[in-house]
Structure formats: structure tokens, C-alpha cells
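The values are calculated or read from the model by the stated rules, or taken from the named source; none is laboratory data. These figures come from a predicted structure and were not determined experimentally. Neighbour counts are summed over all protein chains in view; Cβ atoms, including those assigned to glycine, are modelled from backbone coordinates with ideal geometry. For the accessible areas, the whole protein counts, side chains as well, though only heavy atoms, and no ligand, DNA or RNA atoms are used. Shrake-Rupley method; radii C 1.70, N 1.55, O 1.52, S 1.80 Å.
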Amino acid sequence: MIHKTQIGIVGAGPSGLLLSRLLALQGIDSIIVERQSRDYVEGRIRAGVLEQGTMDLLDEAKVGERMHEEGLLHSGVELCFNGERHAIDFVKLTGGKTVMVYGQTEVTKDLNNALHAAGAQIVYEAEDVTVNDFDTDHPSIRYSKDGEAHEIQCDFIAGCDGFHGISRSSIPDDRINLFERVYPFAWLGILVETPPVSDELVYSNTDHGFALYSMRSMTLSRFYLQCAPDEDINEWSDNRIWDELAYRLDDEGAKNLTPAPLLEKGITPMRSFVAEPMRFGNMFLVGDAAHIVPPTGAKGLNLAVGDVRYLWRALIDHYKKGDGGRLERYSETCLRRVWKAQRFSWWLTSLMHRFPEASPFDRRTQLAELDFVTSTEAGARAMAENYVGLPFDD
Ligand code: FAS
Ligand code: PHB
């Protein structure tokens, strides 16, 4: 069966859903093809922190109401090392900026609800998805569903299909440059119905490794522990997890740790990854399809939203003004922001984690940098400005 639309979108994660929603509000139509079910996509526990730019774009998409009602505005974070916690005050250091703690799961649900209420075309559980002829003026997405073959004929393809998707992997090797750093550790993440240990997120660097004490609400916490990259999750009993969470906190914080049954437990590998360029003919790579950051800096989802924002504005210029300038500059503009977020994410990951090959000298300089960040305005401001999200270039 043949379908026609203006924008064919592969992937119904936050990138694909947000792009489709923003375009629809401008009268630009799209079809999303997703290989998983809606429940599966909404059930993935991922990002937790939204920059102001992300909040603004969700408001622009008219899906921000529940975020403002249920989300938690945070005015800083705390860095813990040598048994002490140090506040990084975003509001003071950035002239009033904050971040919103509101799970990606909830963002995805809000987008799905708005899209389905507006009759959006989203094909879930699609099989054998391919992207075709993206170097021509008649690109297409092909897939099968319930045994029937389908083709979406479109003007442009948005590859919003994440790190393991088919958009990037459809690019010939001689047309794409890949940059990657794989870290010698992973994160063991848990979701648990227990109060947070502090009003702000706590990032901790200890001799046992990194830990992050985050939250989804004042009764639902999200904790992470640095572990080996090939960790066997079965080696981590609940008791061992709670003991390590207590060990990697300062004494005051550890008193606030209240063990409770785990709702979710999983291991996330750590990598930095960028694909250049991000445009191939009439196909655009968006979000995790083009870049991955270690989640330490809470940039993954926010970077994806930054790409969506730029592509959305470029497509409006194309369709409403006949101006292809932003489309031409898509890759250059997105990558400029991507690489600054890559640098920050790499820096904060290097600052907060224990590296197996680190020498005693490395350990001392790591602690000295933590001292610089938490005891000087220059160090703290550099951290704060990057964490709340750098301004958009265009
Ligand atoms: P996504 O990967 O979210 O979505 C891609 C979609 O495309 C998926 O639904 C997938 O099923 C679909 N797809 C893939 N192949 C397809 C095909 N062939 N055909 C059709 N559909 C296909 N970021 C943070 O900021 N903080 C965090 O703490 C954090 N934790 C994370 C934990 C994990 C385990 C992972 C994997 C990522 C984490 N991230 C985190 C990053 C994450 O939030 C991403 O940045 C965000 O999901 C990016 O959104 P998308 O670009 O839409 O990609
Ligand atoms: C989360 O709450 O999942 C989270 C928060 C901040 C990070 C990473 C993950 O840097």
C-alpha cells in the first residue's frame, strides 16, 4: 500500500514524536513508523532532567501542561566528594536559570496523548523498515505490518530511530564519519518508591566509584551506581545496592536513604558518539540516531530536542517561505551544539568517575578539579552554564 506525506519519520521516541507534533501545529503533515509498541516505548525509563530550551519547546508543542504541574523545578545540584556535599547554585551562577526534573517517560506519554488526540499517523510494531532513495527528490520509507507491504512516499525523511536504528546504518561508510569514546564503566540504575536523599540531585565521587541520587518526584527516586562495563546484574542484590548507595553518600545524605523494593533495575553502557554529517540528501539524522552522550551531564534527551527544534524551524522555512537556508545549515548548526554538549558530558563523566587505570596522581588532580569547581566562582559557573543548557545558536 502507498502512503503520501511531507515528512516520513522513523522512530516514535521523543525526537520523532516531538518533531511530528510541532510540524502538525504548522500544518505540515508526517507519518511516524515505529518498530516497537506504544507501551514498550512509553515504558522505557530513561532521562530525567529537562533544560529550559526543552521546556520551552514542549510548551510550543502544547504538551507542557502536566510537566509544569507535576515536574520539579531545580535550582542547582550537589557534588559530593571527600565525604562532603557542595552546592552548585544555578540561579545565582546563571542569572536565574533552572532545570526541570520530569521523566522522559512522562514526556513521551504527553506527546503520544496529544498526537493521538489530533489523529496523528503513527504506525507501531512496523517490521522490516527501510529508508530509500534519500539522495533523490522522491525518498521513501518501506515497512511491513500484519504481513502487508507499505511504502511512504515523502519529501524528506527524519531518522529519529536512535543509536540502534536503520537510518544511520543505511548511509554508505564512505559518506559518514563516526567519532566514539567507550568508557571503562557502566551505570547500574534503579527506580524505587522512596523519598529522594536531598532536594537537589547529588553527584558523588568516592573511592568505590560514582553514584547519582536523582528523582522523579518527592516519593519516587532514581539512583545510579558506577559498575563494571560488563557487569552481571545478578551480582547486585538489593542489599548490595543499598549498601553501596549508603557508602557513596556523605553521612547526612546516607541517613536520608530509605531502602524499599525496586521497581526497575538495569545497566546502561557509557559511550560518547557522534556521526558527521547529520544530513544525507533529503534524510536528516535526529537525536540518538546521530549522537550519544554518557548520561552524566543529562544531555541526551536535551540534545535530541535541540536537533528537533532546528529541523522543525528549517522545514517551516522550506514549506512556508521557500527558503532552504536552514535545511542547508542543519548539520553544521546541530553539530556545533552537539560537540559542546559532548565536551561537557565527557568532562563531567571524567570528573566524577573512578577510572580503573587512574594513577594516584590522576586521583589527586581529579579531586583538585572538584575542589576548583566547588570553591571558585569561575569553576562553578562553567559547570552551571553547561548543565542548564547553552543558548541556541540560531
Ligand atoms: P530513542 O532511542 O529514544 O528513540 C528511537 C526510537 O526509534 C525507539 O522508539 C526505537 O524503538 C525506534 N526504532 C529503532 N529502530 C527502528 C527501526 N528500524 N524502525 C522503526 N523504529 C525504530 N539521557 C539523559 O539525558 N539522561 C539519562 O539519564 C539517560 N538515560 C538513558 C538510559 C538508557 C538505557 C538509554 C538507552 C538512553 C538514556 N538517555 C538518557 C538518552 C536518551 O534519553 C536519549 O537521548 C533519548 O531517548 C533520545 O531520543 P530519540 O532520539 O528519540 O531516540
Ligand atoms: C535521571 O534522573 O535519570 C538522571 C538525572 C541526571 C543525570 C542522569 C540521569 O545526569
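Please figure out what share of the DSSP beta bridges in the chain is antiparallel and state it in percent, rounded to the nearest 5. Here the share of antiparallel DSSP bridges comes out near 70 percent. Protein heavy-atom surface of region 137-201, 1.4 angstrom probe: 47% of the accessible area is carbon and sulfur, with nucleic acids and ligands not counted. The solvent-accessible area of residue 150, taken with every protein chain present and a 1.4 Å probe, is close to 20 Å².
Only protein heavy atoms count here; on that basis, with a 1.4 Å probe, residue 197 has an accessible area of about 10 Å². Within the accessible surface of region 312-358, defined with a 1.4 Å probe on protein heavy atoms only, the carbon and sulfur portion equals 54 percent. Its DSSP H runs of at least 4 residues, each contributing -39,500 (n - 2.57), put the calculated 222 nm mean residue ellipticity of the chain at -10500 deg cm²/dmol, to the nearest 500. Using a Gaussian network model of the chain in which every pair of alpha carbons under 10 angstrom is joined by a spring, one finds that among 356, 229, 295 the greatest mean-square fluctuation is at 356.
With contacts taken as Cα pairs under 8 Å at a separation of at least 6 residues, the chain carries a relative contact order of 20 percent.
Largest GNM mean-square fluctuation among 108, 98, 136, using the chain with Cα springs under 10 Å: 136. The loop-placed GluC sites (Glu not before Pro) in region 312-361, going by DSSP, that have at most 12 neighbouring Cβ atoms within 10 Å of their Cβ come out as 357.
So what's the angle, to the nearest 10 degrees on a 0 to 90 scale, between helix 104-117 and the longest Cα principal axis of the chain? The answer is roughly 30 degrees. Taking 0.36 nm per residue of sequence separation and removing the Cα-Cα distance, the residue 175/residue 339 pair yields an extension gain of 57.1 nm. Between residue 210 and 226, 354, the built amide H atoms are under 5 Å apart, and every one of these is 5 or more places off in sequence or on another chain.
In this view, the solvent-accessible surface of residue 231, computed with a 1.4 Å probe and all protein chains in place, comes to about 50 Å². Taking 170, 198, 20 in turn, the Gaussian network model of the chain (Cα-Cα springs below 10 Å) assigns the largest fluctuation to 170. In terms of its C-alpha gyration tensor, region 267-318 comes out oblate, because a/c is 1.5 or above while a/b does not outweigh b/c. For region 251-352, averaging the sequence separation of C-alpha pairs within contact (under 8 Å, six or more residues apart) and dividing by the residue count gives a relative contact order of 28 percent.
Computed with a 1.4 Å probe over protein heavy atoms only, the accessible surface of the chain comes to 42 Å² per residue. Treating r as the C-beta distance of residue 68 and residue 357 and R0 as 56 Å, the FRET efficiency rounds to 0.80.
For the chain, the longest principal axis of the C-alpha atoms and the axis of helix 14-24 are separated by about 40°. The mean sequence separation of alpha-carbon pairs under 8 Å and at least six residues apart, normalised by the residue count of region 140-282, gives a relative contact order of 31 percent. Helix 360-375 axis versus longest C-alpha principal axis of the chain: approximately 80°, rounded to the nearest ten. With a threshold of 21 Å on the Cα-Cα distance, the over-threshold entries among 4/145; 109/321; 265/340; 109/340; 97/340; 62/109 are 109/321; 265/340; 109/340.
On a per residue basis, the convex hull of the C-alpha atoms belonging to region 1-138 measures out at 177 Å³. Counting only protein chain heavy atoms and rolling a 1.4 Å probe, the accessible areas of 251, 161 rank, largest first, as 251, 161.
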